[in-house]
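J.: For reference, the structure I am asking about is given below.
The values are calculated or read from the model by the stated rules, or taken from the named source; none is laboratory data. Just so we're clear, the structure is a prediction, and the values are computed from it rather than from any experiment. In this analysis, Cβ positions are derived from the backbone assuming ideal geometry, glycine residues included, and neighbour counts consider all displayed protein chains.
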Amino acid sequence: MGQMTIKNKICSPYPFYGVGVFCLIYAFVFDLYRLSDYFILAGLGIAVYLGLKSFVFHDVTIEKDKEIVDVENTLTLEKMEKEAAIQIKIMNDLNQVIADEKMSRDLDEIVSTIQQIFKYLREHPKDTTSIRKLLAYYIPSLIELLQTYARYETLGEQKGKVKDTAREIEGAVEMMKQAIHRKYEALYQNQMIDANAEIEVLKTMLHQDGLLLDEMKEERD
């Protein structure tokens with residue numbers, strides 16, 4: 001996956017309109033009988049165009065960074081999704097034997113959030129690399145803790161260090177639930193930032209064409 005900057009130059013049409021109005025006015029005021037009259041009009045028209053373009057109606061250059069999603073990135077997403085499916089199955093199997101209701105609910109939420117993350121990534125594969133650590137480290141660590149917790153539950157009444165460790169695992173699962181949810185929110189936050197940037201570009205273009213003059217003035221006031 002790479003990134004490239006796309007530059008779009010938006011040329012304002014108003015200098016052309018200005019030249020047209022100038023030529024009409026000139027034709028009404030001055031006679032155009034000789035060839036030299038047309039050369040003079042052409043020269044003045046060019047001067048009007050350059051003056052309007054330089055001092056009144058400027059062109060707008062829009063720069064936008066665009067992610068290039070290649071085939072390798074798509075294959076990486078497919079591979080990661082298969083890996084996540086295996087991890088989800090393991091967590092669901094463990095959830096079947098975990099008796100603690102709070103732990104079971106937290107685990108359900110974790111699985112649901114992971115599924116939502118991959119639903120998002122199928123639509124925005126450029127963000128795939130941002131969850132590699134989640135699958136490579138955090139989820140496997142969570143599974144190990146859940147396996148330990150499930151073994152502790154088979155011991156019956158928990159006492160001493162076993163009970164303390166079980167409570168710590170419960171806290172770690174709660175922490176992981178919140179962390180994974182924050183990761184999910186962060187992915188959509190990136191989309192909101194992109195949308196806000198698009199809105200600002202649109203406002204700039206509308207203002208450049210004189211279509212947002214009153215609104216921009218009200219915002220400054």
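J.: Only one of these is part of a helix (DSSP H, G or I), of a type outside the set (Ser, Thr, Tyr) and under 18 Å from Leu107 (Cα atoms): Ile139, Ile131. Name it.
T.: Residue meeting the stated conditions: Ile139.
J.: What number goes with the only condition from (1) under 21 Å from Gln96 (Cα atoms); (2) over 38 Å from the mean Cα position of the chain (by Cα); (3) not aliphatic (A, V, I, L, M) that Pro140 does not pass?
T.: The one condition Pro140 does not meet is (2).
J.: Checking Lys126 against (1) farther than 22 Å from Arg182 by Cβ; (2) touching a strand residue (DSSP E or B) at 6+ places or on another chain (Cβ under 8 Å), which test does it fail?
T.: (1)
J.: Could you give every pair whose Cβ atoms fall below 7 Å, whose first residue belongs to segment 70-89 and is modelled with pLDDT of 90 or more, and whose second residue is surrounded by 14 or more Cβ atoms within 10 Å (Cβ to Cβ) and of a type in the set (Phe, Trp, Tyr), counting only separations of at least 6 or pairs across chains?
T.: Hits for this filter: Glu81/Phe118; Ala84/Phe118.
Every residue, every condition in (1) surrounded by 16 or more Cβ atoms within 10 Å (Cβ to Cβ); (2) touching an Asp or Glu at 6+ places or on another chain (Cβ under 8 Å); (3) assigned to a helix (DSSP H, G or I); (4) modelled with pLDDT of 95 or more, yes or no:
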position: Gln116; (1), (2), (3), (4): no, no, yes, no
position: Lys119; (1), (2), (3), (4): no, no, yes, no
position: Asp127; (1), (2), (3), (4): yes, no, yes, no
position: Gly156; (1), (2), (3), (4): no, no, no, no
position: Glu168; (1), (2), (3), (4): no, no, yes, no
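J.: Out of all the residues in segment 1-31, which are modelled with pLDDT of 75 or more, of a type in the set (A, V, I, L, M) and in contact with a helix residue (DSSP H, G or I) (Cβ under 6 Å, 6 or more places away or on another chain)?
T.: Selection gives nothing.
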